[in-house]
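Have a look at the structure below before the remarks.
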Amino acid sequence: MPSHPAAWILLFGALASLVSAQAAWASPAEEIVTVLPRDAIPSIDAPRFVSAQAAGKFMALDEMVIGLEMEDEARAYSVPLLSTHEIVNDRLRGRTIAVTW
């Protein structure tokens, strides 16, 4: 995190330019087509985990995962599974988290 006030000004200036650039190429709302109804893709809530050894029985060795580590606890969220659910609501080290894809 920047500790000098000038660094904050530069950071916010850079972020403002990104927002402006995005607005210039964003599609107008009337051109956005919604294909699925609301809540058509269910989230995974309170997921269950297995050991890495057990996961090796049903996951490919090169399967892509989103890895998350906090202090001494680590989790791996399967990207192919997330491709059909898109969000996992979980708790890690007592904190509520959301993993999205």
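The values are calculated or read from the model by the stated rules, or taken from the named source; none is laboratory data. Treat the numbers as computed from the prediction; the structure is a model and nothing was measured. Don't worry about glycine lacking a Cβ; one is built from the backbone with ideal geometry, like all the others, and counts go over all protein chains shown.
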Practice problem: Would you point out the residue of the range 51-101, among those that are closer than 25 Å to ASP39 by Cβ and among the acidic types (Asp, Glu), that is nearest to the chain's Cα centre (by Cα)? | Solution: GLU86
Self-check item: Answer residue from the range 33-87, given it is touching a strand residue (DSSP E or B) at 6+ places or on another chain (Cβ under 9 Å) and among the polar types (S, T, N, Q) and is surrounded by the fewest Cβ atoms within 10 Å (Cβ to Cβ) among those
Solution: SER43
Exercise. Might you check whether a residue that is at pLDDT 90 or above and over 16 Å from LEU82 (Cβ atoms) occurs anywhere in the range 24-45?
Key: no
Quiz item: Do you know which of the residues in the range 88-101 that are aliphatic (A, V, I, L, M) and surrounded by 15 or more Cβ atoms within 10 Å (Cβ to Cβ) is modelled with the lowest pLDDT?
Solution: LEU92
Quiz item: Restricting attention to the range 79-101, which residues are assigned to a helix (DSSP H, G or I) and in contact (Cβ under 8 Å) with a residue 40 or more places away in the chain?
Solution: THR84, HIS85
